[in-house]
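A.B. asks: Have a look at this one.
No lab work stands behind these numbers, since they all come straight from the coordinates. Predicted model, so just to flag it, every value in this text is computed and none were measured. FYI the Cβ positions are ideal-geometry reconstructions off the backbone, even for glycines, and counts take in every protein chain you see.
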Amino acid sequence: METGFSCASMTAPMPSAARPPKGRATIADVARAAGVSKATVSRFLNHRETLLTPETAARVEKTVAALDYVPSPMARSLKRGRSRLIGLVVADIANPYSVAVLRGAERAAQQAGYLVVLFNLGNESERERAAIEALAAYQVEGFILNTLGTDPGAAGEVARHGKPAVLVDRKRAGMAADFVSLDNAGAMQRVVAHLLQGGWRRLLYVTEPARGVSSRIERVAAFRSLSEAQGNAVDARVAELDDDGDALEQTLRESRQRAGPHPFAVVAGNAVVTLRVCAAVARLGWQFGRDLGFVGFDETEWAPLVGPGLTTIEQPTDEIGRVATHCLLERLQGRDLPVRQILLAARLVPRGSSRPATSPGAPSGLTAGKRPSEVETGFLE
């Protein structure tokens, strides 16, 4: 038969209210059970028991143990004016790039004793100001912004809260903040040089609509500049994705027809574009490395599994996240530093999709890279 008594109540003169409350115990529960004020409990928890009588300190200690009370790290930090929280706003968590940057940022933050609070915009740029406002309400100490960078009021919202911010991947006009990103021009140079060295001379760059996003604009500009530097030896075009899958298929067909007997290759602006290109190529019944060459920005877990393997540009996403966090932490430490722009190098991961080109319909031993009429690339690293 149940007696209603616990071992503790039979062996120790604990206050009758020391029965554990439902849910997590609070400092008010401890104070009520010990018969003291919350200030007295706070003094004990902050190791200032010398201000208490031995009897009071012992009673509070027993009550804390009985209620299994654990002080809230957040509450203790806020009391000291520090939340040790970093707000990270991303444009789209479905983008593998954002996930990888988040991992790097989280690791660096945890090593420094901080936690990252994530806000996903779902590619709705108009929510950026609301995201900053919401994170500020959680008392984050600073922001890392990996957004589209097109909300004109976001910079003012950050300034209004007086908290430092670091921009990742996308620049923002009128905002003086540290900027950490891939070296987009350098990465595109690696892509174009690799394709030209393999004999691919008819190139199509497929990108999401620019819409003022700096990284997309920079990659398009670099692709055009590098291609134009080759003169008539290279025919390069740019296509922007829309929501119509048939339109992408038609663009691929037209590009291949325009290439004629010359090998034709596609460059995808990010992993999202790569998926769309893969779907279109599958519907067309083509094969990477045979019917078209391919290089895509962003290394993914599935890139080696598609056809002969997709050649990719691997962004140093983990390092980008870590560097962005370190920049923010330096600002939080009050270091007086100039605004910095940190561009990190990419790594080309070659696979079968960009192997040396063979003209469509030509004997397998005839590679486009051996045509004497075509100019060898003049900007190989």
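A.B. asks: Counting residues in region 239-286 as N, plug N into 2.2 N^0.38 Å and put the Cα Rg over that result.
C.D. replies: After normalising by residue count via 2.2 N^0.38 Å, the value is 1.10.
A.B. asks: Also, quick follow-up: Classify region 218-299 as rounded, prolate or oblate from the Cα gyration tensor: take a ≥ b ≥ c as the square roots of its eigenvalues, call it rounded if a/c is under 1.5, otherwise prolate when a/b beats b/c and oblate if not.
C.D. replies: oblate
A.B. asks: Pull up the cross-link candidates among the aspartates and glutamates for K62, meaning alpha carbon to alpha carbon under 14 Å and not fewer than 8 places away within one chain.
C.D. replies: Candidates past the 8-residue exclusion: D29, E49.
A.B. asks: Once amide H atoms are placed 1.01 Å from N in the peptide plane, what residues at a sequence separation of 5 or more from G142, or on another chain, have their amide H within under 5 Å of its amide H?
C.D. replies: Close amide H contacts, sequence-distant or interchain: G87.
A.B. asks: If amide hydrogens are placed 1.01 Å from N in the peptide plane, which non-local residues have theirs closer than 5 Å to the one on N270?
C.D. replies: F297
A.B. asks: In addition: Over the Cα atoms of region 161-208, what is the Rg over Rh ratio if Rh follows Kirkwood?
C.D. replies: Rg divided by Rh gives 1.21.
A.B. asks: Grab every C-alpha pair in region 160-302, bin the distances at 5 angstrom width from 0 up to the longest one, and report whole percents.
C.D. replies: Taking all Cα pairs of region 160-302, the binned fractions are 2, 9, 19, 21, 19, 13, 7, 5, 3, 2, 1, 0 percent.
A.B. asks: Multiply the residue gap between L343 and R82 by 0.36 nm, knock off their C-alpha separation, and tell me the result in nm, one decimal place.
C.D. replies: 90.9 nm
A.B. asks: Turning to a different aspect of this structure: May I ask you to order 144-151, 202-209, 51-58 by the average number of other C-beta atoms within 10 Å around their residues, highest value first?
C.D. replies: Ranking, from highest mean packing down: 144-151, 202-209, 51-58.
A.B. asks: Sequence-distant or interchain residues sharing an amide H contact under 5 Å with L344, placed H: which?
C.D. replies: Excluding prolines and chain starts, which carry no amide H, the hits are S181, L182, D183.
A.B. asks: Calculate, for A134 and A28, the FRET efficiency according to 1/(1 + (r/R0)^6) with r their C-beta to C-beta distance and R0 35 Å; round to the nearest 0.05.
C.D. replies: 0.80
A.B. asks: Continuing with the same structure: Dividing the alpha-carbon Rg of region 187-258 by 2.2 N^0.38 Å yields what?
C.D. replies: Against the compact-globule rule of thumb, the ratio is 1.14.
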